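Asker: One structure is given below, represented as structure tokens, and several questions about it will come after.
Any read-out appearing in this document is the output of simple, stated calculations on the displayed coordinates, not a laboratory observation. Given the structure is predicted, the values throughout are model-derived calculations rather than measurements. Methodologically, a virtual Cβ is constructed for each residue, glycine included, from the backbone with ideal geometry; neighbour enumeration extends over all protein chains shown.
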Amino acid sequence: MLVDKKSKAVICTSITNGRRHDFRLFKESGVRIHPDIKTVTDTGYQGLGKIHSNSALPKKKTKKNPLTKEDKRNNRALSSQRVLNEHVIGMIKRFKIVSDRYRNRRKRFGLRFNLIAAIYNMEIR
């Protein structure tokens, strides 16, 4: 789900059947982001820097390379920008059809999810 930082509106959604990694879903969706737009994502999108050069990713720690204080400060700043997206996801999950197990026809889940995103966009205006 892509969210606009200023208006807090859902711009784009992408749905798939079953479990699929976020970055793989992003690549398969065919969504292209303008090079001037800055993206702020979580650590699940580690390869995004190769596709979109204007992206901000938090740095991951390893056993051999722990994070420095500056890295931790940068990660905290990125997470404070990214929390907006998490709030939007929480607002959409108020519709229980999204947060619970979906028990209807799978073909219509994408349509229903987009309708819920549209209702959310109407609420914030």
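Asker: For the subset of region 92-116 comprising residues that are among the hydrophobic types (A, V, I, L, M, F, W, C) and farther than 23 Å from Thr43 by Cβ, which member is surrounded by the fewest Cβ atoms within 10 Å (Cβ to Cβ)?
Answerer: Leu111
Asker: Return the total of residues in region 10-45 being over 13 Å from the mean Cα position of the chain (by Cα) and within 20 Å of His87 (Cα to Cα).
Answerer: Of the residues in region 10-45, 1 are over 13 Å from the mean Cα position of the chain (by Cα) and within 20 Å of His87 (Cα to Cα).
Asker: Within region 22-42, does at least one residue satisfy the condition of being over 30 Å from Phe109 (Cα atoms) and either among the acidic types (Asp, Glu) or surrounded by 12 or more Cβ atoms within 10 Å (Cβ to Cβ) (or both)?
Answerer: Yes, region 22-42 contains a residue that is over 30 Å from Phe109 (Cα atoms) and either among the acidic types (Asp, Glu) or surrounded by 12 or more Cβ atoms within 10 Å (Cβ to Cβ) (or both).
Asker: Additional query: Do you know which residues across region 62-89 are among the charged types (D, E, K, R) and surrounded by 13 or more Cβ atoms within 10 Å (Cβ to Cβ)?
Answerer: Across region 62-89, the qualifying residues are Asp71, Lys72, Arg82.
Asker: For region 33-46, what are the residues that are closer than 22 Å to Ala77 by Cβ and either in contact with a helix residue (DSSP H, G or I) (Cβ under 8 Å, 6 or more places away or on another chain) or free of Cβ contacts under 8 Å to residues at least 12 places away in the same chain (or both)?
Answerer: Answer for region 33-46, where residues must be closer than 22 Å to Ala77 by Cβ and either in contact with a helix residue (DSSP H, G or I) (Cβ under 8 Å, 6 or more places away or on another chain) or free of Cβ contacts under 8 Å to residues at least 12 places away in the same chain (or both): Thr39, Val40, Thr41, Asp42, Gly44, Tyr45, Gln46.
Asker: With the condition kept exactly as written, say whether any residue in region 12-34 is farther than 25 Å from Tyr120 by Cβ and either assigned to a strand (DSSP E or B) or among the hydroxyl-bearing types (Ser, Thr, Tyr) (or both).
Answerer: Looking through region 12-34, none of the residues is farther than 25 Å from Tyr120 by Cβ and either assigned to a strand (DSSP E or B) or among the hydroxyl-bearing types (Ser, Thr, Tyr) (or both).
Asker: Restricting to region 8-32, name every residue that is of a type in the set (S, T, N, Q) and free of Cβ contacts under 8 Å to residues at least 40 places away in the same chain.
Answerer: Matches in region 8-32: Ser14, Thr16, Ser29.
Asker: Take the residues of region 103-125 that are in contact (Cβ under 8 Å) with a residue 24 or more places away in the chain and among the polar types (S, T, N, Q): which is farthest from Ser14 (Cα to Cα)?
Answerer: Ranking the qualifying residues of region 103-125, first place goes to Asn121.
Asker: Among the candidates Ser55, Ser7, single out the residue that is exposed (fewer than 13 other Cβ atoms within 10 Å of the Cβ), within 17 Å of the chain's Cα centre (by Cα) and of a type in the set (Ser, Thr, Tyr).
Answerer: Just one listed residue meets the conditions, Ser7.
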